[in-house]
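Have a look at the structure below, then the notes.
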Amino acid sequence: MSLLLRIVQTLLIIPVLLAAPTGSAGAQRAEDGWALLEKPRMVAIMRHATAPGTGDPENFRIGDCSTQRNLDESGREQARAIGRAVRAAGIRIDRVYSSEWCRCLETARLLEPAAVETLPVLNSFFSDRSTESRQTVALRAFLSTVPEDETVFLVTHQVNITALTGVWPSSGEVLLLEVKPEGQPDVVDRLLIRP
């Protein structure tokens, strides 16, 4: 094997190893990440678990899951696995808020945390970008009201998370945010669990 080929193979493998910690080291890093939620003014925001496709069908209606893009079985298992990881880390979730979309509500319920409440400011604006700025401002205002001593988990959509943080999350990825008093979030960690 030529030296050049070995260098190329090494360069291709390094990012995979860095992006996907495995075994006890990966589990320990995730557990340490969840522990950050115990600090004051920390919030978890999550993109719904795996739901194949993009956007929603043209006949989409809130409250009618048959008209929406929904979780598949791997998405359901991903949501359950995230819930198990949070519980294994000993983290108590005080409040869970979700978009009104079925894939977000199902993700939130499968985490098996506290009761899930809908929060319309978490609804997707994928098909109507005219509400992006207004929703993002409203979400920051909501974050500024989260009590310091409560652990809050938000389940929403990629577009909402990207507008709020600048991060393009994977399906099921959880961002841990430190929220400033005015509602501005800083991303402290990113956790992705795949079953």
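The values are calculated or read from the model by the stated rules, or taken from the named source; none is laboratory data. These numbers were taken from a predicted model, which means no experiment stands behind them. Note: ideal-geometry Cβ built from the backbone for every residue, glycine included; neighbour counts use all protein chains shown. Quick note on the areas: whole protein, heavy atoms, side chains included, nothing else; ligands and nucleic acids left out. Shrake-Rupley method; radii C 1.70, N 1.55, O 1.52, S 1.80 Å.
Of THR50, THR54, all but one fail to be under 20 Å from ARG190 (Cα atoms), within 17 Å of the chain's Cα centre (by Cα) and either of a type outside the set (D, E, K, R) or open to solvent by less than 10 Å² (accessible area, probe 1.4 Å) (or both); the exception is THR50. Do we find that GLY172 is at positive phi and surrounded by 16 or more Cβ atoms within 10 Å (Cβ to Cβ) in this structure? Yes, satisfied. Taken over segment 137-168, the residue count meeting the criterion of being part of a loop (DSSP other than H, G, I, E, B) and open to solvent by less than 40 Å² (accessible area, probe 1.4 Å) is 4. Does at least one position in segment 148-167 carry a residue that is acidic (Asp, Glu), closer than 19 Å to GLU178 by Cβ, modelled with pLDDT under 95 and touching a strand residue (DSSP E or B) at 6+ places or on another chain (Cβ under 7 Å)? Among the residues of segment 148-167, at least one is acidic (Asp, Glu), closer than 19 Å to GLU178 by Cβ, modelled with pLDDT under 95 and touching a strand residue (DSSP E or B) at 6+ places or on another chain (Cβ under 7 Å), which makes the answer yes. Number of residues in segment 151-183 that are among the charged types (D, E, K, R) and more than 21 Å from ASP32 (Cβ to Cβ) equals 2.
Filter segment 169-192 down to the residues that are touching a Lys or Arg at 6+ places or on another chain (Cβ under 9 Å), over 17 Å from LEU119 (Cα atoms) and assigned to a loop (DSSP other than H, G, I, E, B) and list them by number. Within segment 169-192, PRO169, SER170, SER171, GLY172, GLU173, LYS180, PRO181, GLU182, GLN184 qualify. For the criterion of being open to solvent by 30 Å² or more (accessible area, probe 1.4 Å), at pLDDT 95 or above and in a loop (DSSP other than H, G, I, E, B), GLU117 fails.
Selection over segment 57-96 of residues that are under 21 Å from PHE125 (Cβ atoms), surrounded by fewer than 16 Cβ atoms within 10 Å (Cβ to Cβ) and not hydroxyl-bearing (Ser, Thr, Tyr) gives a count of 9. Scanning segment 105-114 for residues that are in contact (Cβ under 8 Å) with a residue 60 or more places away in the chain and crowded, with 22+ Cβ neighbours inside 10 Å gives a single hit, THR107. Among the residues of segment 120-136, the one identified as closer than 27 Å to ARG92 by Cα and open to solvent by 50 Å² or more (accessible area, probe 1.4 Å) is PRO120. When you check CYS102 against the structure, is it among the hydrophobic types (A, V, I, L, M, F, W, C), surrounded by 16 or more Cβ atoms within 10 Å (Cβ to Cβ) and farther than 25 Å from GLU178 by Cβ, yes or no? For CYS102, the condition - among the hydrophobic types (A, V, I, L, M, F, W, C), surrounded by 16 or more Cβ atoms within 10 Å (Cβ to Cβ) and farther than 25 Å from GLU178 by Cβ - is met.
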